[in-house]
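*Asks:* Starting off with a structure, shown below.
The values are calculated or read from the model by the stated rules, or taken from the named source; none is laboratory data. For clarity, every value in this text was computed on a predicted model and none was experimentally measured. As a convention, Cβ positions derive from the backbone with ideal geometry for all residues, glycine included, and neighbour counts pool all protein chains shown.
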């Protein structure tokens, strides 16, 4: 027992002396639980909807109000054509759309059946699942309310017909095929995981192995050293991008509807940001275990939850959305889904492209600033 206690005491001393690792190990689970716990407590409400009301009657306005009063939707755009509505969906500015025909009010007044078209943005799995539930629930309730109102005014010799028939159009992934969601998402996860882990241990490993001194005495500038560490991994990552995209298309039969050259270019920008983030983590870590905890706790775990990959970002608290916006994978997911499923060009993707570019520059610059060209 005495020998066992000696070993236990020695390990406790090691843990207590390494205060940075100790604080990370103790605080990280609590912070992650608080952040992620708050993020998943979101109800379906105020989903963005665009309306095309060709009827412009009291009946059509009352029908639209049923969606608003449900609490699930808010009318963020009133547009004049189906084309404008689709453009808003291409830019991920709305989750649903409603098109009311010109003869809506007249047909209801004369007892005829009328059709209403609703649209659902199914480009992102997390958003489409919540929006589909809300849209189907409210649409059925709205049609049923009108049916009950009309029934009360019918005589016994009149035929009972549903006054409103609602047709739902699922855009981008009409069959709701799971692989069409999974392959773009997994592409983002795999590329980030590889890029982050490749570089997260680079500087700290050299510091632990004692080879940092050889770099410090060279005339290489700090930014050259950081860029030199990133560029070889860029080549490796580019090969992996080609492999991952080829497997998605030829093995899992998930077509890339958009410009593949644009996807390759933006994938490399995403990888550059992830590599820079990995180098930054390596610079601020003193040991490889610290780098591992920081990479997994601060980047990888939040990436799954806060990026919109698994959960909808729509009703997350502002702090969760803000942290998610600081992750390159959040913007890359929008880009990869847009090119894979929507086939949109850079014009529609620009709201996600410029943050990805900015983060890549910021993380690389920060890695240079935090690196101290001295033994430490």
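*Asks:* Is it true that residue 49 is touching a residue at least 12 places away in the same chain (Cβ under 8 Å) and outside any loop (DSSP other than H, G, I, E, B)?
*Replies:* So residue 49 passes the test.
*Asks:* A follow-up question, please. If I filter region 280-288 for residues that are in contact with a helix residue (DSSP H, G or I) (Cβ under 8 Å, 6 or more places away or on another chain), more than 27 Å from residue 201 (Cβ to Cβ) and in a loop (DSSP other than H, G, I, E, B), do I get at least one hit?
*Replies:* Within region 280-288, not a single residue is in contact with a helix residue (DSSP H, G or I) (Cβ under 8 Å, 6 or more places away or on another chain), more than 27 Å from residue 201 (Cβ to Cβ) and in a loop (DSSP other than H, G, I, E, B).
*Asks:* Check 87, 92 and return the single one that is part of a loop (DSSP other than H, G, I, E, B), at pLDDT 80 or above and not assigned by TED's automatic domain parsing to the domain that holds residue 238.
*Replies:* After applying the criteria, what remains is 92.
*Asks:* Do we have residue 81 as exposed (fewer than 15 other Cβ atoms within 10 Å of the Cβ) and either in contact with a strand residue (DSSP E or B) (Cβ under 8 Å, 6 or more places away or on another chain) or closer than 30 Å to residue 346 by Cα (or both) here?
*Replies:* Yes.
*Asks:* So, in region 144-162, of the ones that are out of contact with any strand residue (DSSP E or B) (no Cβ under 7 Å at 6 or more places or on another chain) and either modelled with pLDDT of 75 or more or assigned to a helix (DSSP H, G or I) (or both), which residue ends up nearest to residue 258 (Cα to Cα)?
*Replies:* 144
*Asks:* Being within 25 Å of residue 205 (Cβ to Cβ), part of a helix (DSSP H, G or I) and at pLDDT below 85 is the requirement here; does residue 271 meet it?
*Replies:* Spelling it out, it is not the case that residue 271 is within 25 Å of residue 205 (Cβ to Cβ), part of a helix (DSSP H, G or I) and at pLDDT below 85.
*Asks:* Looking at the structure I just gave you, is residue 264 under 12 Å from residue 339 (Cβ atoms) and either in contact with a helix residue (DSSP H, G or I) (Cβ under 6 Å, 6 or more places away or on another chain) or in a helix (DSSP H, G or I) (or both)?
*Replies:* The answer is yes for residue 264.
*Asks:* Residue 186 fails exactly one of the following numbered conditions: (1) touching a strand residue (DSSP E or B) at 6+ places or on another chain (Cβ under 9 Å); (2) assigned to a helix (DSSP H, G or I). What is the number of that condition?
*Replies:* Exception for residue 186: condition (1).
*Asks:* Just give me the residues in region 316-343 being outside any helix (DSSP H, G or I) and either farther than 23 Å from residue 87 by Cα or modelled with pLDDT of 90 or more (or both), in sequence order.
*Replies:* Those that are outside any helix (DSSP H, G or I) and either farther than 23 Å from residue 87 by Cα or modelled with pLDDT of 90 or more (or both): 316, 317, 326, 327.
*Asks:* Residues being assigned to a strand (DSSP E or B), over 19 Å from residue 65 (Cβ atoms) and either in contact with a helix residue (DSSP H, G or I) (Cβ under 8 Å, 6 or more places away or on another chain) or not assigned by TED's automatic domain parsing to the domain that holds residue 74 (or both): count how many of those fall in region 105-143.
*Replies:* 2
*Asks:* Hey, among 248, 258, which residue is in the same structural domain as residue 327 (by TED's automatic domain parsing), modelled with pLDDT of 85 or more, buried (at least 18 other Cβ atoms within 10 Å of the Cβ) and outside any loop (DSSP other than H, G, I, E, B)?
*Replies:* None of the other options fit; the residue is 248.
Residues checked against (1) surrounded by fewer than 24 Cβ atoms within 10 Å (Cβ to Cβ); (2) outside the structural domain of residue 227 (by TED's automatic domain parsing); (3) over 30 Å from residue 72 (Cβ atoms); (4) touching a residue at least 60 places away in the same chain (Cβ under 8 Å):
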residue: 262; (1), (2), (3), (4): yes, no, yes, yes
residue: 283; (1), (2), (3), (4): yes, no, yes, yes
residue: 313; (1), (2), (3), (4): yes, no, no, yes
residue: 327; (1), (2), (3), (4): yes, no, no, no
residue: 354; (1), (2), (3), (4): yes, no, yes, no
residue: 363; (1), (2), (3), (4): yes, no, yes, yes
